[in-house]
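Scroll down for the structure; my scribbles are underneath it.
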Amino acid sequence: MGAKPGGMKPPTVARGVGFASRRTRSRLVRGLKERGIRNLDVLAAVESVPRHRFVDEALASRAYEDIPLPIGYQQTISQPFIVALMSEKLIAGSAGRKTVLEVGTGCGYQTAILAHLYEWVCSIERIQSLFERAESTLATLRVDNVELRYGDGYDGWKGRSTFDSILLTAAPECIPLTILAQLAPGGCLVAPVGKATDQRLRIVSNRRGRLYDEEAEAVRFVPLVRGISE
Ligand code: SAH
């Protein structure tokens, strides 16, 4: 359909068929299934969380491609496949689905996915502006089973003893003991671990008070950094 002479151009993206549509999200979910994501709760969560709302407007049209995108402050929103993979491993390894701790809120996308999978999500971010933006995005989307905090995740989450699951979305060279100490018996922790050029996902399970450690896929995450920043 061309523009009428002298009139307004018709919108090129009609409601329901644009980048923000359900259909676009379903295509992403189909891609994740093809890559081996099986957990139906995880797939349903990806289907229902509007990833385009977590990135800059200028990048929104790329939000349903299976790629990481910049969110400012030299940080990124993780690739949907990695978000789905880590969520799947976390659920598979955890006896309970009540509480989860996320270290590295970033833009809050993974937080919103976890909010679909757990009763209560605690998430901590060391960059104040990202923390504030995530808080406002999640409030706008009415995600109300999350508690966000601005602080250093190296110290774990003060005020709560343990979590059923713990997810790190930034990579330490080795997992801080303060965080491991907050893993409940029967719980599972998933984290990218290692130097920037040589990272792997690690899956740590707490079985009756003893920790068991397993290595999985090679990944690439920003580093877990000590201290807070504005
Ligand atoms: N979970 C995000 C990924 C964000 S990138 C997503 O959904 O895509 C990783 C985030 O970890 C960055 O925002 C970074 O600032 C944060 N981070 C790094 N070290 C941290 C620390 N010690 N405590 C809390 N957050 C940290």
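The values are calculated or read from the model by the stated rules, or taken from the named source; none is laboratory data. These numbers were taken from a predicted model, which means no experiment stands behind them. Surface accessibility is based on the protein's heavy atoms, side chains included, excluding ligands, DNA and RNA. Shrake-Rupley method; radii C 1.70, N 1.55, O 1.52, S 1.80 Å.
Report, as a whole number in µm² per second, the diffusion coefficient that Stokes-Einstein gives for region 19-219 at 37 °C and 0.692 mPa s using the Kirkwood radius over alpha carbon pairs.
On the way: Rh = 16.8 Å.
Result for D is 195 µm²/s.
With a 1.4 Å probe and all protein chains left in place, how much of the accessible area of the chain comes from carbon and sulfur atoms, in whole percent? Show your work: numbers first, answer last.
Values: 6000 of 12070 Å².
Roughly 50 percent of what the probe reaches on the chain is carbon or sulfur.
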